[in-house]
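All remarks here apply to the structure that follows.
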Amino acid sequence: MKLASLQQSRDGLLVVVNEAMDQYVEVPSIALTLQAALDHWESCEDKLRQVYADLDSGKIQGKPFNARECASPLPRSYHWADGSAYVNHVELVRRARNSEMPETFWTEPLMYQGGSDSFLGPYQSIDIADEAWGIDFEAEVAVIVDDVPMGVTTADAVAHIKLIMLVNDVSLRNLIPGELAKGFGFYQAKPSSAFSPIAITPDQLGDTWADGKVHLPLRALLNETLIGAPNAGVDMTFSFPELIAHAAKTRPLCSGTIIGSGTVSNVDREKGSCCLAEVRMLETIAEGKPRTPFMQFGDQVKIEMLDRNGETIFGQINQQVVQYKP
């Protein structure tokens, strides 16, 4: 099943999208918003799946679907927690600045809670006031869960994953060191994130969804140049069930909580990177200094995942960096 939220009101208008992603139908009799559907998933899921089946089979006629009219599937969320499941990426960061990586990074995931009150739509511009802040994209995979009890086990956490989508977790790299030096985590360095136009149920991925991971390449392009297409299922040290269990260790997670994978990264350097910081780290390790700049005003980033037939799964995140003027 494929779901989206059209740009309407602060929480969007929930629609069901067909497999080809060229038609949609509104479902106000089931739920007006995706958050409302998640709050009552047990009673809404079968009804939404029936609409999806009827739309896809042609039993009901939909309206033309245009991803540019979409907000993020959840235009805002009660909770957005981003992990760092690809420890290879973290290790590169440490190596580039000649810093040893604690062994615990391999056994317990890193995670921060980001701002979730103002997500960007998949085609919405990235408005930043100053290029000197080090504007970067981070291509990731994320899951949306229903209500998760505190202390959930990894084995039980997988059943709470209801939807999967893509993320551009925008980072302001040059603000990060100063914030981390204060010992209290990210805040200003993490502006609004953007999500793919479509959120899908895990069954849509077939056997490419296994072990709580998406086993497909995630493509990241900057100004039409492929920066990387690492496989999201390879070198993912912590699966999504493990990330969920980590997040819920000391508190429950409410329905609609989004858990991100962190920047997708492979040990195989030929697969490229899903953020400019990693590109710059590899240059620093190889050449002593980075030569790739961070994003500038006017740059365009595209993030997309294709199935084995080369068809888009979640639609595309397609954003331009724009100078913010209050």
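The values are calculated or read from the model by the stated rules, or taken from the named source; none is laboratory data. These numbers were taken from a predicted model, which means no experiment stands behind them. For neighbour counting, all protein chains shown are included, and Cβ atoms are generated from backbone atoms with ideal geometry for every residue, glycine included. Ligands, DNA and RNA are excluded from the accessible area calculation, which covers all protein heavy atoms including side chains. Shrake-Rupley method; radii C 1.70, N 1.55, O 1.52, S 1.80 Å.
The table below lists the values:
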item	result
Under Karplus coefficients 6.51, -1.76 and 1.60, residue-wise ³J(HN,Hα) of the range 44-51 in Hz, glycine/proline x	9, 4, 4, 5, 5, 5, 5, 4
Asp307-Glu103 FRET efficiency (beta carbon distance; Förster radius 35 Å; 0.05 resolution)	0.40
Rounded to 10°, Cα long-axis angle of helix 276-287 versus longest principal axis of the chain	30 degrees
Overall form of the range 72-230 per C-alpha gyration tensor (a/c, 1.5; a/b vs b/c)	rounded
The range 213-277: C-alpha gyration tensor shape, a/c 1.5 cut-off, then a/b vs b/c	prolate
Three-way shape call for the chain based on the alpha-carbon gyration tensor, with the a/c threshold at 1.5	prolate
Charge dipole (debye, nearest 20) of the chain; +1 at Cβ of Lys and Arg, -1 at Cβ of Asp and Glu	620 debye
Most fluctuating residue given options Ser171, Ser255, Ser29, as computed from a GNM of the chain linking Cα atoms under 10 Å	Ser29
Fraction of accessible area attributable to carbon and sulfur, the chain (%, probe 1.4 Å)	49 percent
Distance in nm between pseudo-label sites at Gln300 and Ser57 (7 Å out along the Cβ direction from Cα)	4.0 nm
The chain, helix-only ellipticity at 222 nm - DSSP H runs n ≥ 4, -39,500 (n - 2.57), divided by all residues, nearest 500	-5500 deg cm²/dmol
Computed lengthening from Asp156 to Tyr78, 0.36 nm per intervening residue step minus Cα-Cα distance	25.9 nm
Longest segment of the chain lacking trypsin sites (Lys or Arg not before Pro) that sit in a DSSP loop with at most 12 other Cβ atoms within 10 Å	98-181
Quotient of C-alpha Rg and 2.2 N^0.38 Å, computed over the range 13-155	1.36
Inter-centroid distance (Cα atoms) of the range 1-36 relative to the range 271-314, Å	31 Å
Surface accessible to a 1.4 Å probe, per residue, for the residues of the chain, Å²	44 Å²
The range 182-233 and the range 86-156: distance between their alpha carbon centers, rounded to Å	10 Å
Isotropically averaged projected area of the range 164-205, using the convex hull of Cα atoms (one quarter of hull area), nm²	3.9 nm²
For a label point 7 Å along the Cα-to-beta-carbon line of Asp22, residues of the range 305-326 with backbone N under 18 Å	307, 309-316
GNM result for the chain, Cα springs below 10 Å: residue of Gly233, Gly262, Gly134 fluctuating most strongly	Gly134
Antiparallel bridge percentage (DSSP; both residues within the chain; nearest 5)	90 percent
